[in-house]
Structures are given as C-alpha cells and as structure tokens.
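Please read the structure below before turning to the comments.
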Amino acid sequence: MRYRLPVATALIVFVLLLVSGCHSVKTLVPPNLRSPESNHSSLDAAKTELQKATPCCTTFADFSFQNALPWQPKKFVLGPGSLVGNLNGERSYFLSFSLPREVELPYRVAFKSELNGRWLRSSYLFAPTVVVLDEAFQPIGSQDVGLCEHMGWTDQTSGAFGSVDITDKRARYLVLYSSAKQQASSTYWEQSPASFSAEAPVKMAATGSFKVPHGPDGTVWIGLMDNTFKDAVNNAICGKPEQGNGVLNTLRESIPVPGWGSSSSKSADAKNSSATPGDGAASAANAGAGNR
C-alpha cells in the first residue's frame, strides 16, 4: 500500500493542476502558438526606439559612401544600433552606397523587405525610400519604392519585393531610408492572418487578404538585380486581382473552338436560322416588281 500512495498522490496533484489551468486557455497553449496580445505593441515599441536614437546626419553630404552597392541583393538589418538620419524632420535608419560606374545604363536595383514579427497579423515591413545623388551629393531623384508580395520556395524568394531603375548618367551615390509617408503606409498581402478562438486556440482560419503596415525598422535586401530577384519582382502580387468572368468564359473568348462561340454570335446565328426560304423569294419578287 505504501508503494501505491506516492503514485496516487501524484495523480491527484496532476488532476488538480489540470483543473486549475482550465480557466485560462492561454496557459495550455505554447507561447509560439498563442495569439499576440496586441497587434501594435511591437510596432509602437519600434517607433519609440527610433525616436530615442540620436541622429548622426542631417544632410546627404554627412553620409559615408565607402560601401559599394552589392553586385547582387544582400541582406541588411536596420534597427537599434543602426545609423539614424534626420532629413527635413524625417527620422529614419538608413544605408548609403556608392553606385557602380562600370555598369551600363540603365540598370535596376532590387529590394526586398522581410516581415518583422512572429505573427503575420502583428508584423510590419520596412518600406524603403531611395534617393539618388550626383557627385556633389545633390539629389537627382527620389522614390518611395512600391512593395509587392511574392511567396517562393525559399526564404530568399519570399517577402515584399520592389525595384528602381538607374537611368541618369550623373548618378554616383544611393541612400536608402524610409520616409514618413512610407512609414504611414502599408503593403497588400494575400495570405491571411491566423484567427483564434477560445474553443480552438490553435486552429488557424483564413479570413481573406489584408494589408501589412510599414514600420521604422526591419530586414531589407538591396543590390543589383539578379535573375532570382527579377523573377520574384515580375511575378509578385501588388494588389487584389480584378474579378473576371470565370475560367470557361475566358477560354471561350481566347480559344476559337467550334461550339464555344460568344452569346452574341449565337443569338445572331439563331436569328438567321429562323428566317424561312420564302422570305428570300418574296424579297426577290418585290425587287422585280419595282423594276417593272
């Protein structure tokens, strides 16, 4: 009996712990499967960290351009500890590069931003702004890079992609940062976030497309366009596709298959077939009578 007592005691303690934990589903769900408590907590914290940072530069001439633009897209992490610029009152982490002179114009510079956050619906993206400078560090072009989603087979081909064209022969330097307009915007995302319920805390349900907000920090790729990034950019999804008439209707309009004519042609054929042979004869007779 004394050998059974510890086992019975352990079972009783286990049952009591299980019952006491049932009042909160969260305690039974591993941290990596729990829904985020706040959708904006990480983004707000990132904005606060940026405002605490001390800017190093207020003009483009203050930037260092010792690093050359990578010959293919390279990964950079922007956040606490990175250089911060304050341009016209807009504060942002930034990267600066010298542009290649041996590359024939025009050429493309590729970008990719990765989702920042464990949960999709609480994630955000670093959306880049690009400024191209001449040899006197004067801007000759500025652009907020539009991002489009592409989910590939690897991490390198998955994310929010974009590109800019370098066409001006005066281009010598490039600065990447995130403008206030970019940080206040968002990017279309086709994949749906996970939704949770008390009845099924780890069950994920699709709820349709949505938009991922932009934030002040994150992981960004930049470099001369290569074939991998080119395919991703060309096949990325930039917005909700327009509703069509269906696959069959599209095939009927695109492929001239007998019997697959459009509704207008079918109605015309039906009208012609409804005419009787006598109608043609009567028309010919009336024409002859008029000639007489």
The range 59-121 accessible area per residue, 1.4 Å probe, protein heavy atoms, integer Å², reads 56
How much FRET efficiency would the formula 1/(1 + (r/R0)^6) give for T59 and D165, where r is the Cβ-Cβ distance and R0 is 22 Å, rounded to 0.05?
0.30
In whole Hz, what ³J(HN,Hα) sequence does the range 150-158 give by Karplus (6.51, -1.76, 1.60; θ = phi - 60°), x for Gly and Pro?
9, 10, x, 8, 10, 5, 5, 9, 10
Positive minus negative residues near A110 (Lys, Arg vs Asp, Glu; Cβ under 9 Å)
+2
What nm value, rounded to one decimal, do you get for the distance between R121 and A180 when each label is placed 7 Å out toward the C-beta?
3.2
Placing each pseudo-label 7 Å from Cα in the direction of the beta carbon, Q66 and E135 end up separated by a distance in nanometres of 2.3
Long-range amide H partners of I140, meaning residues 5 or more apart or on another chain whose placed amide H is closer than 5 Å, are V132, L133, D134
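The values are calculated or read from the model by the stated rules, or taken from the named source; none is laboratory data. As the structure is a computational prediction, the values presented were derived from the model and not from experiment. Backbone-built Cβ (ideal geometry, glycine too); neighbour counts: all protein chains shown. To get the accessible areas, we keep the full protein, side chains included, count just its heavy atoms, and leave off ligands, DNA and RNA. Shrake-Rupley method; radii C 1.70, N 1.55, O 1.52, S 1.80 Å.
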